[in-house]
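Here is the structure we will look at.
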Amino acid sequence: MNLLYDPGWMSQVEWMLIAGFIFSFLVAFGMGANDVANAYGTSVGSGVLRLWHAYVLSAILNTLGALLLGYKVTETISKDIFHIDIYNVHSQYNKTTGSYSLVASCNQSAIVNQSSDCTTYTSADYMVGELGALTGAAFWLILASVTKLPVSAAHSIVGASIGFSLVLRDASSIRWTRLISIVLSWVASPLIAGAFGSIFYVIIRFAVMHRRDPFEAALKIVPVFFWFTLAVNMFTVFYGGSKYLYFNEISWWLAFIISNAIGIVVALLIHFAFEGWIRRRALNVYEREMANTSKDALNQRWIIPYDLSGDIAKNTELDRPNNEEAKEQLREEDADEFVGNHSNACQLLIMPVKEDRKAIEVFNLLQILSASFLMFSHGSNDTANAVGPLVGMWMSYKTGLASTPSADRLDIELLILFGAIGQVIGLVMLGHRVIKTLGKEITEVTAPSGFAVELGAAFTTLIASKLGIPVSTTHCAVGAVVFVGLTRTGTLSGVSWTKFRDIIISWLVTLPVSGAVAALVADLLGHFLLGSV
């Protein structure tokens with residue numbers, strides 16, 4: 001099929017746009033099944049949320065993050081990985097023949113005996129390449145989700161974009177400086193998220209778990225964490241935020257004041273209005289868990305209360321402190337003794353944390369907040385990976401030029417919403433598989449450690465979103481899980497290195513697999529459908 005690049009040439013490739021929507025949905029589906037699961041994996045793994053709770057919160061917060069902050073990363077994915085101008089063609093109208101033909105450029109001094117009607121378009125092979133990119137990313141994300149491996153959507157789509165660019169053009173088409181900065185962010189983001197997560201957990205360790213009464217200490221620090229989490233999240237929303245809500249016109253200092261005001265108001269409400277409710281809820285959950293644990297332990301014990309002479313048997317299980325409440329008391333006494341005998345902060349830092357069971361229950365609401373924070377940040381960053389190529393195809397179809405500015409267009413927001421909906425569907429259908437891997441199979445996750453993991457990962461992802469860098473929420477979440485697991489247990493055995501190895505291997509093969517599939521699809525479409533492009 002030889003294309004005629006006249007003003008209506010885009011109608012000749014409408015089928016590619018339709019295919020782009022289909023495969024963009026599949027990318028979003030695979031991302032929802034894989035990446036979206038990262039946000040609530042630790043919350044579900046620690047038992048704070050049920051699976052359907054995670055689905056509902058994900059649908060709301062992922063969509064909000066995508067609509068409010070997703071446009072910056074969308075532009076990076078659709079335009080900044082490769083030199084988009086290298087796909088330009090120049091079409092000149094000849095009044096003599098009454099037809100359009102391709103010319104080397106629209107420089108009129110180099111064109112003889114032709115009119116001034118010369119237009120630059122993005123060629124159809126760009127759309128072929130982006131369709132290949134969506135195909136490669138969709139293939140890998142869905143395959144990884146089925147095999148329960150938390151891979152990176154950012155890796156997938158960037159690898160696929162490189163693959164089709166190398167096939168349809170050559171290595172000079174890649175923006176290597178931009179690509180290197182993206183790859184470096186992939187390496188740095190799990191380390192940064194892990195560092196943030198460990199710092200947050202160390203704060204919890206010293207401010208709560210090493211106190212004489214961890215339960216009361218947890219109740220006191222909950223409002224502080226609510227303030228910090230909300231203030232950071234709100235600042236990213238208001239400063240340089242949605243252009244449709246005019247948040248982009250808010251100065252940094254006004255955004256700082258508004259975000260902190262929201263955080264302080266919520267913190268005061270938590271302290272004065274909801275502390276009693278949080279206390280009662282935590283105690284009720286704790287007592288219920290202790291009762292269930294004691295009942296299970298009693299049912300599993302084989303007790304012979306009398307010996308042959310009719311006297312109560314000596315040295316039986318009844319004489320040993322197997323009651324869970326007694327064990328809890330011993331743990332608390334050990335913790336008090338530990339705090340009293342070890343004044344050295346370094347010793348406290350490297351020793352395993354003895355988390356108070358009642359204090360853990362206080363962190364339930366905080367973990368839900370931090371997971372929601374991470375979900376919002378995921379929407380702001382990773383949704384662009386699903387719709388970035390589709391945005392480029394859409395702009396080519398609507399305007400003839402993929403590089404047309406798109407940040408202020410309402411139709412781009414609708415495309416982002418389309419990607420967010422696809423993610424929610426993928427999460428509901430397949431997300432439980434990756435949730436299990438991240439929440440239970442790398443390290444043991446409790447509410448305090450889960451809060452630190454999610455806050456560290458979200459903090460890192462939102463910073464990247466504001467800078468327009470497509471980092472991996474998967475990398476951030478896994479990095480934070482590993483670092484916090486090491487910080488919590490104080491030993492290398494606190495992390496399943498076998499599972500971590502499998503995840504690293506899946507990360508390493510993501511780029512070549514998605515790139516190879518994209519290159520193959522782009523090459524086949526280019527040769528058999530478009531001919532010489």
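Quick notes
- Sequence-distant residues sharing a close amide H with F82 (under 5 Å, placed H): R175
- Pairwise centroid distance, computed over Cα atoms, of region 270-291 with region 152-188, Å: 50
- For G240, distant residues with modelled amide H under 5 Å away: I250
- F256, F500, ranked by accessible area, largest first (probe 1.4 Å): F256, F500
- Percent carbon-and-sulfur accessible area, region 121-200, ignoring ligands, DNA and RNA, probe 1.4 Å: 80
- The order of the peptides 126-134, 513-521 by mean Cβ neighbours within 10 Å, most packed first, is 126-134, 513-521.
- Karplus-derived 3J(HN,Hα), 6.51/-1.76/1.60, for each residue of region 411-423, Hz, glycine and proline x: 5, 5, 4, 5, 5, 4, 4, 4, x, 5, 5, x, 5
- Residues F228, F363 ordered from highest to lowest accessible area at a 1.4 Å probe: F228, F363.
The values are calculated or read from the model by the stated rules, or taken from the named source; none is laboratory data. These numbers were taken from a predicted model, which means no experiment stands behind them. Virtual Cβ from ideal backbone geometry, glycine too; neighbours counted across all protein chains shown. Remember, those area values only see protein heavy atoms, side chains included, never the ligands or the DNA or RNA. Shrake-Rupley method; radii C 1.70, N 1.55, O 1.52, S 1.80 Å.
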